[in-house]
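Report on the following structure.
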Amino acid sequence: MKEYFLIFLLSLLIAGCTTKSFVEQDNSENEAILSETFENITIVNQTTINLGYKTENGGFGNHEWFWPDKIVSYEVPSPLDKNNAYLVGKWKNNEDNMELIDEEGGILLIFNGNNVNMYAGSEKGSQIYINLDDNELNYNGLVLKDLKEYHLLTAVDTGYHFMNMSVQRHGFKIYNISFS
């Protein structure tokens, strides 16, 4: 029993948590997800970037930042920081999401991992086109309509990657984007 507790503490330290901070966390987002297998312990770090002005939790990289209930023209800053999401185009800042106002906009992400998901939707249906590390993905032109979590990509290897997602049709709303 003592060995399992030491392994648990060690895994928390590897994930960047102390026992005190782990207990105090909300346990919903931006935390290490621990799963134990019979052979070893696997740690998966998932980062979620919330894109509403009342729900933001860091990781939004645009210099224009949030303007509650306003339409903002977002431009790509230079340089781009790792593990941050950036918007391109005109987006309305809502409490819990960003809404594309233009007919075309973009989302850029430099992330460490190999999986990207987003919680988004569009009442009118919006098409997305994704490039990963300057390579076009096979399912480009996917139409998103329902408000739900979408799995955007799985890279072959874990490490830093650059995702460029183009969104076509106004009314697209993104609530968060996560990567692991």
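The values are calculated or read from the model by the stated rules, or taken from the named source; none is laboratory data. Note that the coordinates shown come from a computational prediction; the quantities given were computed from them, not determined experimentally. Using ideal geometry, Cβ is built from the backbone for each residue, glycine included, and neighbour counts are taken over all protein chains shown.
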Checking 107, 41 in turn, the sole residue that is at pLDDT 95 or above and among the β-branched types (Val, Ile, Thr) turns out to be 107
Just give me the residues in region 75-123 being surrounded by 22 or more Cβ atoms within 10 Å (Cβ to Cβ) and either more than 19 Å from residue 56 (Cβ to Cβ) or among the hydroxyl-bearing types (Ser, Thr, Tyr) (or both), in sequence order. 122
Scan region 157-180 for residues that are among the basic types (Lys, Arg) and closer than 21 Å to residue 47 by Cα and report the count. 1
Run residue 34 past the list (1) at pLDDT 90 or above; (2) surrounded by 15 or more Cβ atoms within 10 Å (Cβ to Cβ) and report the number of the one that doesn't hold. (1)
